[in-house]
Amino acid sequence: MNRLYEYLSRAAGAGGITPGEELEIKVDLAVAHDGSGPAVVDRALEMGLGGVFDPRKVLFFFDHCIPAPSVKARENHLKILQFCKQRGIKVYHHGEGVIHQVILEEHRLAPGSILVGADGHVATAGAYGVIAFSVTPVQFVEVMRSGVHRVRVPEVVEVEIGGEIRPPTTGRDVAIHLLGTFGQQELKGKAVVLRGSAIEKASFDDRLAIANLMAETGAVTCLVACEGPLGEAHHTYKFDAGEIPPSVLLPPAPVAGEHAGSPSRETGPVAVPLTDVAGTPVTQVIIGACSAGRLSDLKVVADILRGRRVADGVTCVVIPGSKKIANEADRLGISAAIRNSGAILVNPGCGTCYGAHQGVLASGDVAVSTTTKNAPGRMGDPGAAVYLASPVTAAWAAVRGALAVE
C-alpha cells in the first residue's frame, strides 16, 4: 500500500483500500470563503442545518471580495457572518489573507490529515503532507454536518522530478511546465504524488507553488512526498528539473478576437519557454495571491523593482498572501521598494485573480500574471489575454513593458 492510501485508509478506519472503492473519511478541517460561501450558506439554510459537526474544525475566510467591491458582495459578507455567528464558526474577515496561506499560518495540519474545501486549490496543502479535496458547496454542507467526506479512491500517479531547480527557473516555472505537459485530462480524477531529488531540494515555497497549480490538471489531490518510500504507484512520469526553462502558459484565444500566437480554447493549456514569447508587449502585471504571494516571492520582486520603474503604459499590481507576510514585507523594506517603483501594493486577497476588483482587465489588455487561471473572462473582460508566469518573469515584464528574458 502506498503512502497516500495509508493516509486515506487511516482516515476511513479501514484495513486496506483499492482504486474505485467508495470511502467515508473523517475530516480534520473544512474550509470555505466568500466566493463559495454564499452558495454554501444558501444550501445549508435550505437543509435546515442548525449546527456543524465541530465548530473548531470549520472555517470561513473573506479573501475573494474584501473589502467588498459591490453592494452584493457586502450583502454576502453579512449573510455569511450571521450564519457563522449562530453556529460558532470562526470567520477570518479582517483582511488576514488568502485562505490557503492563512490555513498554513494559523491551522497547519499534520501530514496525513484530511482537508476539505469549497475551493479549487486546497491541494496547495499537499506541500506539507495534507490530503486535500475540493468539493462543491452542496458537498461542503454535508461535510459541515457530518464531519465526513465521501470519496472514491483515486489511482495514484507518481510525478518524479529529478535534478535540481536552478535559477532563473523557479518552482512556479516547473508547475507551468507540468500543467502544459499534462493538460487537463491526463491526470483527471487521479491523485498526484510529487517526488524526486528536485522536490527534496526545493524550498518549501517552491513546493507550495507546484502543488498549488497541480489542481489545474484535474487531479483530485496532490501530495508532496519528500521523505521515505512512496510505495507502489499506478503510473510514474519522470522529469528533469534542470531541463525546464523559465516558462509561460499561453492565453487561450480571447472571445473578442484572436491574440497572436495563442491556442484555441479547445487545445487546453499550452506552456512554452519564455524565450518563445519574449518581446510580447504587456499592459498589466499581477503578482501574488495564493500561488505566488509569499515573502520569498515579494522579496525577489522587490529586488528586481528596486531602483527601477514600472514601464509607462503598464499597471503592476502586487498582492501579499497574508497580513503577516505584508507586515514582514513592511519591516524589511520590501513594500517601499515595490511602491517606489510605481507598482501598486494592495491588501492580501484573491480579488484580482477572481476578476472581482483590484485590477480587473479590459478587452485588449495583455497581462502577465502569477495567478492560477487564464480562461477568457476569468480576470475581467473575455477579450483580455493573460499569460501565466513566475514572479520573476512577471516583475521583469513590468519593468520592460514586455515579456523579457533577463
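Quick check, is G50 surrounded by 17 or more Cβ atoms within 10 Å (Cβ to Cβ), of a type outside the set (D, E) and either in contact with a strand residue (DSSP E or B) (Cβ under 6 Å, 6 or more places away or on another chain) or not in a helix (DSSP H, G or I) (or both)? When the stated conditions are applied, G50 does not pass them. Segment 86-160 holds strands (runs of 3 or more DSSP E) entirely within its bounds, and those carrying 3 or more residues that are more than 24 Å from G349 (Cα to Cα) and at pLDDT 95 or above map to 148-152. I'd like the full set of residues that are surrounded by fewer than 24 Cβ atoms within 10 Å (Cβ to Cβ) and of a type in the set (S, T, Y), limited to segment 372-406. T372, the sole residue that qualifies.
Checking A198, A211, A191 one by one, the residue that is touching a helix residue (DSSP H, G or I) at 6+ places or on another chain (Cβ under 7 Å), crowded, with 21+ Cβ neighbours inside 10 Å and farther than 26 Å from T275 by Cα is A191 and no other.
Counting the residues of segment 74-83 that are touching a residue at least 24 places away in the same chain (Cβ under 8 Å) and either closer than 12 Å to H33 by Cα or outside any helix (DSSP H, G or I) (or both) gives 3. For residues in segment 240-275 being modelled with pLDDT under 50 and not in a loop (DSSP other than H, G, I, E, B), which is surrounded by the most Cβ atoms within 10 Å (Cβ to Cβ)? If we take residues in segment 240-275 being modelled with pLDDT under 50 and not in a loop (DSSP other than H, G, I, E, B), then R265 is surrounded by the most Cβ atoms within 10 Å (Cβ to Cβ).
Select, from V346, V368, the only residue that is over 19 Å from P246 (Cβ atoms), outside the structural domain of E216 (by TED's automatic domain parsing) and touching a strand residue (DSSP E or B) at 6+ places or on another chain (Cβ under 6 Å). V346 is the lone residue from the list that is over 19 Å from P246 (Cβ atoms), outside the structural domain of E216 (by TED's automatic domain parsing) and touching a strand residue (DSSP E or B) at 6+ places or on another chain (Cβ under 6 Å).
For segment 374-396, the condition holds for no residue, the condition being that it is without any contact (Cβ under 8 Å) to a residue 24 or more places away in the chain, farther than 25 Å from T170 by Cα and not β-branched (V, I, T). Residues that are exposed (fewer than 15 other Cβ atoms within 10 Å of the Cβ) and modelled with pLDDT of 95 or more do not occur anywhere in segment 29-38.
Residue check: I344 meets all listed conditions (1) crowded, with 24+ Cβ neighbours inside 10 Å; (2) modelled with pLDDT of 95 or more but one, namely (1). Does segment 92-109 contain at least one residue that is over 24 Å from F133 (Cα atoms), hydrophobic (A, V, I, L, M, F, W, C) and either within 20 Å of the chain's Cα centre (by Cα) or surrounded by 15 or more Cβ atoms within 10 Å (Cβ to Cβ) (or both)? No, that holds for no residue. Looking across segment 169-217, the residues that are among the charged types (D, E, K, R), under 24 Å from V153 (Cβ atoms) and not in a loop (DSSP other than H, G, I, E, B) come down to R195, E216.
One line per residue, one yes/no per condition, for (1) of a type in the set (K, R); (2) outside any strand (DSSP E or B); (3) surrounded by fewer than 13 Cβ atoms within 10 Å (Cβ to Cβ); (4) touching an Asp or Glu at 6+ places or on another chain (Cβ under 7 Å):
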| position | (1), (2), (3), (4) |
| --- | --- |
| I17 | no, yes, no, no |
| G20 | no, yes, yes, no |
| L23 | no, no, no, no |
| D42 | no, yes, no, no |
| E46 | no, yes, yes, no |
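Screening R145 against (1) surrounded by fewer than 18 Cβ atoms within 10 Å (Cβ to Cβ); (2) closer than 30 Å to V248 by Cβ leaves a single unmet condition, (2). Would you confirm, using the coordinates I've provided, whether G321 is modelled with pLDDT of 95 or more and buried (at least 24 other Cβ atoms within 10 Å of the Cβ)? So G321 fits the description; yes.
The values are calculated or read from the model by the stated rules, or taken from the named source; none is laboratory data. It should be emphasised that the depicted structure is a prediction, and the values quoted were computed from it without experimental measurement. Glycine also receives a Cβ, built like all others from the backbone with ideal geometry; neighbour counts cover every protein chain displayed.
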